[in-house]
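Report on the structure given below.
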């Protein structure tokens, strides 16, 4: 099940299917909530999701998590292997956010924004909020973030090309 064609849940599952050499039946829904409801109801057998979205269902024994999409294990599911650990070396998928500004922003303002963001993500309230949601804080400063975006974009473009036309 997925949140819709070419959405995060769809692309992640297609990444896995391509790496595993299997064909999955794509069942699109109108959002992640309906896809998770379909999983709980037995309409679909699998979905890709962010940890915080399903942690309570897992803790209640209603779902089980099979693998983590990231490069490293996460605190909310410390015993959960990554796809890479399971042998799917090219399966890595992230739902991320970044702070963006106009290219013409004066350098001193850009520097201050970067410093403020680096400081904010270390704040105990911020860390706790992310950990409660089951997602780790992974701050990258501008040069590292630009490299990550380029690498992640390449992974996503390759996955979408493998999906091809959605019928």
**Request:** Would you confirm whether any residue within region 37-59 is exposed (fewer than 12 other Cβ atoms within 10 Å of the Cβ), more than 21 Å from residue 163 (Cα to Cα) and either touching a residue at least 60 places away in the same chain (Cβ under 8 Å) or in contact with a helix residue (DSSP H, G or I) (Cβ under 9 Å, 6 or more places away or on another chain) (or both)?
**Result:** no
**Request:** Working only within region 19-34, note down all residues that are at pLDDT 90 or above and surrounded by 14 or more Cβ atoms within 10 Å (Cβ to Cβ).
**Result:** 19, 20, 24, 26, 27, 28, 29, 34
**Message:** Can you list residue pairs whose Cβ atoms sit under 8 Å apart, with the first residue in region 1-20 being in contact (Cβ under 8 Å) with a residue 40 or more places away in the chain and the second being crowded, with 19+ Cβ neighbours inside 10 Å and assigned to a strand (DSSP E or B)? Count only pairs 6 or more apart in sequence or on different chains.
**Reply:** 9/2; 10/2
**Asked** Do you know which residues across region 110-160 are in contact with a helix residue (DSSP H, G or I) (Cβ under 9 Å, 6 or more places away or on another chain), under 30 Å from residue 16 (Cβ atoms), part of a helix (DSSP H, G or I) and free of Cβ contacts under 8 Å to residues at least 24 places away in the same chain?
**Response** 130, 158
**Asked** Limited to region 60-82, what total is found for residues that are out of contact with any strand residue (DSSP E or B) (no Cβ under 7 Å at 6 or more places or on another chain), closer than 16 Å to residue 13 by Cα and surrounded by 15 or more Cβ atoms within 10 Å (Cβ to Cβ)?
**Response** 1
**Asked** Mind checking which residues of region 72-109 are free of Cβ contacts under 8 Å to residues at least 40 places away in the same chain and touching a helix residue (DSSP H, G or I) at 6+ places or on another chain (Cβ under 6 Å)?
**Response** 99
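The values are calculated or read from the model by the stated rules, or taken from the named source; none is laboratory data. The shown structure was predicted, so the numbers you read here are calculated from the model rather than taken from an experiment. Don't worry about glycine lacking a Cβ; one is built from the backbone with ideal geometry, like all the others, and counts go over all protein chains shown.
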